[in-house]
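Take this structure first; my questions come after.
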Amino acid sequence: MSIQDLKIISEGADSGHVQTSLTGRSFICHQSTIPQLRDANAMRRSAWPTMGLHLVHFLLFLCLGRALAAPELINEDVKRTVDLGTHLAKVTAEISLANSAGSSASATSFLLALDPGLESHLAYLGAQVKAEEEEENTLEVKETKVKGKSGKFFTVKLPSPLPPGGKIRLSIETVFTHVLQPYPTHISQAEKQFVVFEGNHYFYSPYVTKTQTTRVKLASRNIENYTKLGNPSRSEDMIEYGPFKDVSPYSEDTLKIHYENNSPFLTITSMIRVIEVSHWGNIAVEETVDLRHTGAVLKGPFSRYDYQRQPDSGISSVKSFKTILPAAAQDVYYRDEIGNISTSHLLVLDDSVEMEIRPRFPLFGGWKTHYMIGYNLPSYEYLFNLGDQYALKMRFIDHVFDEQVTDSLTVKIILPEGAKNIHVDSPYEISRAPDELHYTYLDTFGRPVIVAHKSNLVEQHIQDIVVHYTFNKILMLQEPLLVVGAFYILFFTVILYVRLDFSITKDPAAEARMKVACITEQVLTGVNKRLCLYRLFDEAVNKYKQSRDISALNSGKKSLEVEHKALTNEIASLQSKLKMEGSDLCDKVSEIQKLDSHVKELVLKSSLEAERLVVGKLKKDTYIENEKIHSSKRQELISKIDNILDAL
């Protein structure tokens, strides 16, 4: 423990106490606890210049010793497992951490240190409490610095203070990438791949380790050589070192193993994951992946014949791999710059969608490929809201292949246009870039885009992030209204274009046709009005037969004569205009006029017979029979007139 601040305050002989301040903690020693300070006032004044100074120093060191009291942590037992079965180095340490019985304080946290040779390759570090009921409690881990020490250190907060004499079982999991180096670095198609791992025989810790063992699990039993500190035991693909007793803090001893490892050394060198959110029920996901085989580089030519004929040819190459998509994924596509890649298979399971991706060519060491994969998701499974408050819960990175390594990841989350008050909750540290704007169909001021970066990711980083934002639901009507407005403007423009005449010179034929059409429309109106007069006069005759009011009948007959004559003259005038325009419709109008004169005669004849019936000069049976004949003839004439009108 380092002293950041130390103060000695002497309050004088009368107060007789010393106060020290160490990193914010104060300790006061009063004169009632020191018999030497109970002398008379005069003696204190005389003794203070000589003896009082020594007493102050004594009290200072007494209080300083109490201030420096700190938990004395010890690694009582460490069981370390180094899994080198893939292209990753997974180190799991089960620690029995104890607070020494002689410690004067409880421990609320402990310190983790990384091997100096591996710290730059760290991708993931997690700490958990190992309980007897197999229930694990994840602990909070924060990076810290230790004065006087270089390298990476982490502070792990314990779930509860560890009292003196107490013990706790912990599990520390670390994953390192790019620590297995191919050796030789270049191999032919028929050769197997060997790699070298360099680490530490000991558990690198700032605390004393009473006893520890290290178990190394390899990808195969074919081991070229390995270090033999402490006479390790070997069994098939397993090497066990230790137990080592009373290991000092920060102990180092190089562990080196050269062995066969033909597992797929696939690395995602770059990945862009785009998530586009729509409040109309869909979330579109597209991943652009740059993939590279980081194993031993292929030496010499590639033989497709040997590759297909011999099963062991290119044993370290990658023919295909499986990508696990969400169970609700649909409309899945897999393509590259050339187009759709048909060498893929999709299997829909109960809890996921399994996609077997087979590149256009097998991947050997140093070879790389580029592809895009996309799919749609229903928004109700990932988007939640309360009023105008929305929360999008999706994975920051999803599964691409087993034991995946991603060197560089860029995630772009495109939110609906109008989203505001954006906040991102991430389970681990990510780098936020300035937000961007994305424009697509029917957008006006752009959709906000969250841009985040992170490097060196592994499967443990497949976790959910939560994006909080506010969105006014009225804005959902913006795009439909834009569509309606666009169609309205289009139709209105077409109407104006059709009705406007943009010709520079006049067209006599077109003008003549327009005049004829206008005259014909007037003729139709006049004929229909005349037919209406006949119906009105029929109503007047029927009223006369009931009321026997001859004056009303004469008035109706006079009105019929006057209006009929005016309409007939008007139609005759229109007929002459058609004749002047040279239209063939003139003859049809003339025929209508003749038919109408017959209709008028029948109407007037019906009126006269009704008068004779009322005055008793005509029998009722005869009137009814004559009326049927007249009505039939009138209907026949009016039908002919309608047919001619339809042909105009």
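Rank the residues Lys79, Lys529 as a footprinting-exposure proxy: fewest other Cβ atoms within 10 Å of their Cβ go first.
Lys529, Lys79
Tell me the angle of helix 620-647 to the major Cα principal axis of the chain, expressed in degrees between 0 and 90 and rounded to the nearest ten.
50
Moving on. List, largest first, the extents of the alpha carbons of segment 285-405 along their principal axes, each in whole Å.
64, 27, 24 Å, listed from the longest principal axis down.
Would you calculate, for the chain, the mean residue ellipticity at 222 nm contributed by helices, counting each DSSP H stretch of 4 or more residues as -39,500 (n - 2.57) and dividing by all residues, to the nearest 500? Can you show the working numbers first?
Working: 8 runs with 180 residues, N = 648.
Roughly -9500 deg cm²/dmol at 222 nm, from the helical runs in the chain.
Taking the mean number of other Cβ atoms within 10 Å as a proxy for protection, how do you rank 284-295, 553-564, 511-522 from highest to lowest? It would help to have the intermediate numbers written out before the result.
Details: 284-295: 19.8, 553-564: 15.7, 511-522: 14.1.
Final packing ranking: 284-295, 553-564, 511-522.
With an 8 Å Cα cut-off and a minimum separation of 6 or more residues, compute the relative contact order for segment 311-427 in percent.
Working: 132 pairs, mean separation 32.2, N = 117.
Computed over segment 311-427, the figure is 28 percent.
Take the eigenvalues of the Cα gyration tensor for segment 348-409, scale each by 5, and report the square roots as semi-axes in whole Å, largest first.
32, 15, 10
Using only alpha carbon pairs under 8 Å that are at least six residues apart, calculate the relative contact order of the chain and give it in whole percent.
Rounded, it is 8 percent for the chain.
Skipping prolines and chain starts, which residues have an amide H placed within reach, meaning under 5 Å, of the one on Val196, given they are 5 or more residues away or on another chain?
Those qualifying (amide H under 5 Å, at least 5 residues apart or on another chain) are Gln181, Tyr183.
Could I get the Rg over Rh figure for segment 466-522? Both from C-alpha atoms, Rh via Kirkwood, rounded to two places.
On the Cα set of segment 466-522, Rg over Rh gives 1.45.
How big is the equivalent ellipsoid of segment 429-509 along its three axes, where each semi-axis is √(5λ) from the Cα gyration tensor, reported in whole Å from largest to smallest?
Numbers: eigenvalues 559, 48, 20 Å².
Semi-axes (√(5λ), whole Å): 53, 15, 10.
Same structure again: Can you put Cys586, Cys532 in order, fewest other beta carbons within 10 Å first?
Cys532, Cys586
Moving on. I'd like to compare 346-352, 445-451: which one has the highest average count of other Cβ atoms within 10 Å, and what's the full order after that?
The densest-packed peptide leads the list: 445-451, 346-352.
Helix 585-615 against the longest principal axis of the chain: what's the angle in degrees, Cα atoms only, rounded to the nearest 10?
70
With unit charges on the beta carbon (Lys/Arg positive, Asp/Glu negative), name the residue among Pro311, His598, Trp367 whose Cα is farthest towards the positive pole of the charge dipole of the chain.
Sorting the options by dipole projection puts first His598.
Right, another one. Taking the Cα centre of the chain as origin, sum charge times position over the Cβ atoms of Lys and Arg (+1) and Asp and Glu (-1), and report the length of that vector in debye to the nearest 20.
It works out to roughly 1660 debye.
Can you pull the percent of Cα pairs in segment 135-177 with separation above 17 Å?
49
Of Leu158, Thr174, His201, which is farthest along the charge dipole of segment 118-230 in the positive direction, counting Lys and Arg as +1 and Asp and Glu as -1 at C-beta?
Farthest towards the positive pole: His201.
State log₁₀ I(q)/I(0) for segment 573-612 at q = 0.15, 0.26, 0.32, 0.35 Å⁻¹ as given by the Debye formula over alpha-carbon point scatterers of equal weight, solvent excluded.
-0.48, -0.78, -0.95, -1.02
Could you list Leu88, Leu266 so that the one with the fewest beta carbons within 10 Å of its beta carbon is first and the one with the most is last?
Leu266, Leu88
Right, another one. Show me, bin by bin at 10 Å from 0, the whole-percent P(r) of segment 277-340 based on Cα pairs.
Once binned at 10 Å, the Cα pair distances of segment 277-340 give 12, 34, 28, 17, 7, 2.
Could you pull out the pairs from Lys130/Lys319; Lys152/Lys217; Lys515/Lys557; Lys157/Lys256 whose alpha carbons sit more than 28 Å apart here? It would help to have the intermediate numbers written out before the result.
Working: Lys130/Lys319 40 Å; Lys152/Lys217 25 Å; Lys515/Lys557 35 Å; Lys157/Lys256 33 Å.
Lys130/Lys319; Lys515/Lys557; Lys157/Lys256, as the Cα separations exceed 28 Å there.
Considering the Cα positions of the chain, please state its Rg to one decimal place and its Dmax as a whole number of Å.
Cα only, the chain: 50.4, 166 Å (Rg, Dmax).
If I fit a long axis through the Cα atoms of helix 53-67 and take the longest principal axis of the Cα atoms of the chain, what angle between them do I get, 0 to 90°, rounded to 10?
With both axes taken from Cα atoms, the answer is about 50 degrees.
Here's another thing I want to ask about it. First check a/c for segment 383-436, with a ≥ b ≥ c the square roots of the eigenvalues of its C-alpha gyration tensor; if it is under 1.5, answer rounded, and if not, answer prolate when a/b is larger than b/c or oblate otherwise.
Prolate, since a/c reaches 1.5 and a/b exceeds b/c.
Whole-Hz ³J(HN,Hα) for each residue in segment 217-232, computed from phi via Karplus 6.51 cos²θ - 1.76 cosθ + 1.60 with θ = phi - 60°, x for glycine and proline: what do you get?
Using θ = phi - 60°, the values come out as 9, 9, 7, 7, 8, 7, 10, 6, 7, 7, 6, 10, 5, x, 6, x Hz.
Beyond 16 Å, how much of the Cα-Cα pair distribution for segment 491-558 remains, as a whole percent?
When all Cα pairs of segment 491-558 are counted, 69 percent exceed 16 Å.
Straight-line reach only, C-alpha to C-alpha below 13 angstrom: list the aspartates and glutamates that Lys619 could link to, leaving out same-chain residues fewer than 8 apart.
Glu609, Glu611, Glu627
Gap in Å between the Cα centre of segment 366-384 and the Cα centre of segment 539-577?
84
For segment 331-478, report the translational diffusion coefficient in µm²/s to the nearest whole number, using Stokes-Einstein at 25 °C, 0.890 mPa s, and a Kirkwood Rh over Cα pairs.
137
Where a number appears in this text, it was derived from the coordinates with a stated rule and is not lab data. Since this is a predicted model, take the numbers as computed values, not measurements. Reconstructed Cβ throughout: ideal geometry from the backbone, glycine too, with neighbour counts over all protein chains shown.
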